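Structure record follows, encoded as structure tokens.
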Amino acid sequence: MFPRLAEQYRAVVRDLVMSLQALASCLQQRGLVASCYVCGDGLDGRGASFVADLGENHMVRFLVSDFGISWVESRDGHELVKLEGAEAIEEMQRVAIVLQSLPADRQRDGIGARPASPSLPEAA
């Protein structure tokens with residue numbers, strides 16, 4: 001049973017890494033500041049660090065690895081929220097939807113552009 005569960009968790013990590021890479025690429029194409037760094041050889045998706053700048057010194061960081069999953073939101077270098085596990089994944093989904101739905105007039109052109117700070121709705 002435990003080897004099967006370990007493999008299922010590794011599959012979740014691989015799926016999350018691919019999703020984070022795609023999200024970072026999509027946001028960059030829309031002129032938002034986002035990055036995703038993959039740990040390991042890149043093919044087995046052992047882990048990743050996703051960071052998005054929400055403007056006005058407001059950032060989110062999503063970390064995923066074989067050791068765990070975490071979400072950290074900060075403003076002016078101070079941690080506001082830290083979530084782990086399923087809650088971190090749910091929060092990443094919520095913010096991804098908000099960032100991807102920003103109207104074109106809230107985005108900036110060019111590499112390194114800073115987005116207007118999106119108004120993130122309260123988590124349900």
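Values in this text are rule-based calculations from the coordinates and carry no lab data. Quantities reported herein were computed from a predicted structural model and do not represent experimental measurements. In this analysis, Cβ positions are derived from the backbone assuming ideal geometry, glycine residues included, and neighbour counts consider all displayed protein chains.
If you filter segment 13-101 for GluC sites (Glu not before Pro), then keep DSSP loop positions with at most 14 other Cβ within 10 Å, what is left?
Those satisfying the criteria are Glu56.
Summing charges over neighbours of Leu16, with a neighbour being any other residue whose Cβ is under 12 Å away from its Cβ, gives +1 when K and R count +1 and D and E count -1.
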